[in-house]
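**Student:** I have a structure here, written as structure tokens, and I will follow up with some questions on it.
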Amino acid sequence: MPLKTNRVNSTAPRKILVIDDDDELRRLLASYLNKHGFDTWLLPDARQLDAYLERHRPHLIVLDLMLPGEDGLSVCQRLRGRGEDIPIIMLTARDETVDRIVGLTMGADDYLGKPFDPRELIARIEAVLRRHKTLPAAPDPEAESVAFGDLVLDREARCLKRGGRTIPLSSGEFALLQAFVNYPFKPLRRDRLLELIHGPDAESFDRSIDVQVLRLRRLIEPDPKAPRYIQTIWGFGYVFVPTGETGGMK
């Protein structure tokens, strides 16, 4: 079973599961995360992940890409495929754009290349948790359900429905869809979308928003190759068209 480490301070703990085959890195991360008020659980690979998730609910998973056995990309894809919305930050020794894009495509919420400053990992964990809001929020009387096509976005419950079926959304997918819903028919530049999703201080590499849009289109569009709701404005960004009208927006 996963190794649990003891946190140092007495603040309310948020549970972080670190999956990495580097023993020294696991220990270092556990020590650093514990000092910053997290409860840290450690796994060397993904073999015991399913058993762990049956008994525990982490607030976030720090997941190495290059794992023995089932690699991080496969783990991420498998979890998202069965509806798990636990935030995931991918780690990898390779800091190449293609790896970042693949990780985001598989459903990761953020990406950090090795070597990295532990302070940056803390900052990214905090940013992802703010977006995800893993603990149930108090009812928001101003929150409304937004319908477009055969879909309904329930912003209070933070879920998307088609008919009677719930479509699982990661925290990043929900944040992006909400950003679009909040600005219907308004063209939005890529940097503006990144700011709406991650906040003004967030750092993200160029074109990462395109990968997130692609993932969201696969969930909501009747034909992702000919999008009706999230339309591209070439040379500028995107526009959300809840009516699904395609004339003049591409």
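**Student:** Restricting attention to the stretch 9-31, does a residue exist that is in contact with an Asp or Glu (Cβ under 6 Å, 6 or more places away or on another chain), surrounded by fewer than 21 Cβ atoms within 10 Å (Cβ to Cβ), over 23 Å from I209 (Cα atoms) and at pLDDT below 90?
**Tutor:** For the stretch 9-31, residues in contact with an Asp or Glu (Cβ under 6 Å, 6 or more places away or on another chain), surrounded by fewer than 21 Cβ atoms within 10 Å (Cβ to Cβ), over 23 Å from I209 (Cα atoms) and at pLDDT below 90: present.
**Student:** Within the stretch 157-187, how many residues turn out to be among the small types (G, A, S) and surrounded by fewer than 16 Cβ atoms within 10 Å (Cβ to Cβ)?
**Tutor:** 3
**Student:** Hey, L63 hits all of (1) surrounded by fewer than 16 Cβ atoms within 10 Å (Cβ to Cβ); (2) outside any helix (DSSP H, G or I); (3) within 20 Å of the chain's Cα centre (by Cα) but one; which does it fall short on?
**Tutor:** Only one criterion is unmet by L63, namely (1).
**Student:** Among the polar types (S, T, N, Q), at pLDDT 85 or above and under 14 Å from G237 (Cβ atoms): is that true of Q212 in this structure?
**Tutor:** In short, yes.
**Student:** Identify, from the list L193, L169, L219, the residue that is closer than 30 Å to L112 by Cβ, at pLDDT 90 or above and not assigned by TED's automatic domain parsing to the domain that holds R82.
**Tutor:** Going through L193, L169, L219 in turn, just one is closer than 30 Å to L112 by Cβ, at pLDDT 90 or above and not assigned by TED's automatic domain parsing to the domain that holds R82: L219.
**Student:** Pairs needed: first member in the stretch 167-186, free of Cβ contacts under 8 Å to residues at least 12 places away in the same chain; second member anywhere, surrounded by fewer than 22 Cβ atoms within 10 Å (Cβ to Cβ); C-beta distance under 7 Å; at least 6 residues apart or different chains.
**Tutor:** No pair meets every condition.
**Student:** Determine which single condition I101 fails, assuming it passes every other condition in (1) within 12 Å of the chain's Cα centre (by Cα); (2) modelled with pLDDT under 85.
**Tutor:** Every condition holds for I101 apart from (1).
**Student:** Further question: If I filter the stretch 105-146 down to residues being hydrophobic (A, V, I, L, M, F, W, C) and at pLDDT 90 or above, which single residue comes out as nearest to the chain's Cα centre (by Cα)?
**Tutor:** It comes out as I125.
The values are calculated or read from the model by the stated rules, or taken from the named source; none is laboratory data. Given the structure is predicted, the values throughout are model-derived calculations rather than measurements. Backbone-built Cβ (ideal geometry, glycine too); neighbour counts: all protein chains shown.
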